[in-house]
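Structure, as structure tokens:
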Amino acid sequence: MRIKANIIFSILGLLVLLVVMGIWYASSLVNPTQLAVLLTSSVKTATGRDLRISGPIKLQFFPGIAVSAEQLTLSNTAWGSQSDFLTLDQISLNIKLLPLLSKRVDIDSIELKGLDLFLQKNRSGQANWVMGSQSPFATNLASDRQDEAPASENSLTSVANIMIANANVHYLDPTGLSSIYQVQRLSLTKDGSKTLVAIDMKYKELALEVRGKTDSVSELMQHWNVSPIQFALDLNVGVNGKSILIQGNVAKNPKTLPLINLAVNSAAVDWPSSNAIGKPPAQQPTRLSAQNLKAASAESVQHSPATYFFSDAKLPLDLLPQAKGKISIGIIKLGLPGRQPIENLNATIQVDGSQIAVPQLTFVLGQGQANLVLQLSRLDTASPVVTAKGVTTNFTLESLMARLDPSSKVSGGKMRLAFNLQSTGMSAHQMASNASGKIQIRIDQAKTDSLFLNSGGDFVVTLLGAINPLHKKSNQNTIECAVAYIPISQGQLNIANTVGMETDRLNVLLGGTINLKTEAVNLMVEPYEKSGLTTGIDLGGLVKIGGTLQNPKPMINQTGVINSAISVGLGFLTGGASILAENALSIGKKGSPCSDALRPWADIYPGAE
């Protein structure tokens, strides 16, 4: 028996020696230069791009096949602003030997170091990350080729572990606005049938950390759009040190949109400040060519001052991935930069291809609650449609201002807001220009200081200063009531006795137009004093606000009230009726501008009382 065992071990040892000698001999026959040529030609065939390997290529054949290369670049598309799509300091791959016998490539690990990736989308909708035979417009995960037969699973490549270190992802949108995402570490590690996820990245001053576990990422890559796949995830996302828990699953069948069911919850998280996402990132040692350095420096060029109050910058609605399903959101406390947090934010987002609906979004401010309904549709077109409606209950101006601006001194002010708006467009300015609907707000019994008035911006300060010259001479203003009912039709605000305010010194009516397409302002304001309260203040004139929302201009006619009113068209304050002396006198003696302006709440938000 002992002799037989010795013979068996001797034979096994000889076989191992032969395998080792065979691997050594095979490795000696492989020319790294020839391998580089093979790799570049294969990449060219698959992507249509040029792969260049400037550094050394190293091979190892035991215990698996290990390949490493240094100083790699992949060329960009012809219309790209950068010459290279990516540059890479080093790539290392470990390939399992046995699966090769079944004509299957199983990559045990991929490690990337010093990656610079340049993503870009042009005004025609083309994306430079779409390569090879794919349609240049197939930028979505759901844009499946209907004429493409599923590949055989036996020939697919699987990747068990992925490690990326010191990476910069640059994105240039069609408007020329650029962003840089710094990835210090990205690790996807196989753990049985699961994948452990660890990501540390930074966007300007916004630090993100991701930790958790998902179903096998390798399986997801193999089966996506080939055969049905279920993918569960359980991730903890840290945003500047505060956690968001993301749990749920994604299901994908071939030739169909992904079906998602996710829950996003947090006990406390802070909304990033404008500084956190508005400052350029710290300069890092670069590996870019002179041409890329020049292009990268252009990313920090300052944009010209805004032309409009509502920005005309294109919103990235076309980047939203298409899917079906729902996302439930629950945040107990959402911190706002420089303000008090809002509480109990709850929403359900329903997605169905190019349509996103939020049938209910609620949150709490102090004792007040807001109920909103939002919908985005036709997101795959050049004219996406937005509808929004909402109503608030039990709000006070005091609690609202305490959260928006803790330094302002406001007391009281029971308030209510309702709106129902529809619009279309690709920017905030386009949406304002095409908006139609109604907005109404009412405030009762509030005391405010000058800080509250000044915090309204140039337009509000100009308007209030023109209405009431006393507000600059008084540290406190008493608002008995204020009502604004504003109908909007295709970006045109037509105000006819629908904005009124009563203070302890003045009653005010406002009328006129605001054109949101041009943002031109043409408002007439009729302030009239309460008997004996404003002695010595000349209110015997018509106030006019002109200019634009961005640059309002007050114009006050101090003489000839009746003649001035007729010349500038005070008629719209009475719905277009002719203005005679007795008409103007009756306006000046109206008892309740608030009651005259207020409309039934159910007319704005159906169901509101």
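The values are calculated or read from the model by the stated rules, or taken from the named source; none is laboratory data. Since the structure is predicted, the reported quantities are computational estimates derived from the model, not experimental observations. Using ideal geometry, Cβ is built from the backbone for each residue, glycine included, and neighbour counts are taken over all protein chains shown. Just so you know, the surface numbers come from the protein's heavy atoms only, side chains and all, with ligands and any DNA or RNA stripped out. Shrake-Rupley method; radii C 1.70, N 1.55, O 1.52, S 1.80 Å.
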Checklist entry - How much accessible area does Asp234 have with a 1.4 Å probe, in Å² rounded to the nearest 10? => result 70 Å²
Checklist entry - Which FRET efficiency value, to the nearest 0.05, is calculated for Asn122 and Asn522 with the Förster distance at 41 angstrom and r the Cβ-Cβ distance? => result 0.55
Checklist entry - Direction-averaged shadow area of the convex hull around the Cα atoms of the range 155-217, nm²? => result 6.1 nm²
Checklist outcome for this item: Rounded to two decimals, the Debye log10 I(q)/I(0) of the range 74-128 (Cα scatterers, no solvent) at q = 0.13, 0.15, 0.16, 0.21 Å⁻¹ is -0.53, -0.63, -0.67, -0.79
Checklist entry - So how much slack lies between Ser595 and Asn494, counting 0.36 nm per residue of separation and subtracting their Cα-Cα distance, in nm? => result 34.5 nm
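Figure the gain on full extension for Val226 and Ala263 (residue separation times 0.36 nm, minus the Cα-Cα span) and round it to one decimal in nm. Each step should come with its number before you reach the end.
Numbers: separation 37, 0.36 × 37 = 13.32 nm, distance 2.68 nm.
Contour length minus Cα-Cα distance gives 10.6 nm.
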Item to check | Listed pairs Lys389/Lys517; Lys96/Lys121; Lys96/Lys324; Lys333/Lys389; Lys414/Lys438; Lys314/Lys409 exceeding 26 Å between Cα atoms | outcome: Lys96/Lys121; Lys96/Lys324; Lys314/Lys409
Item to check | Accessible area of Lys213 in the full protein assembly, 1.4 Å probe (Å², nearest 10) | outcome: 90 Å²
Item to check | the range 229-245 residues near the modelled Tyr203 label - backbone nitrogen below 18 Å, point 7 Å along Cα→Cβ | outcome: 236-245
Checklist entry - What percentage of the solvent-accessible surface of the range 163-260, computed with a 1.4 Å probe over protein heavy atoms, is contributed by carbon and sulfur atoms? => result 60 percent
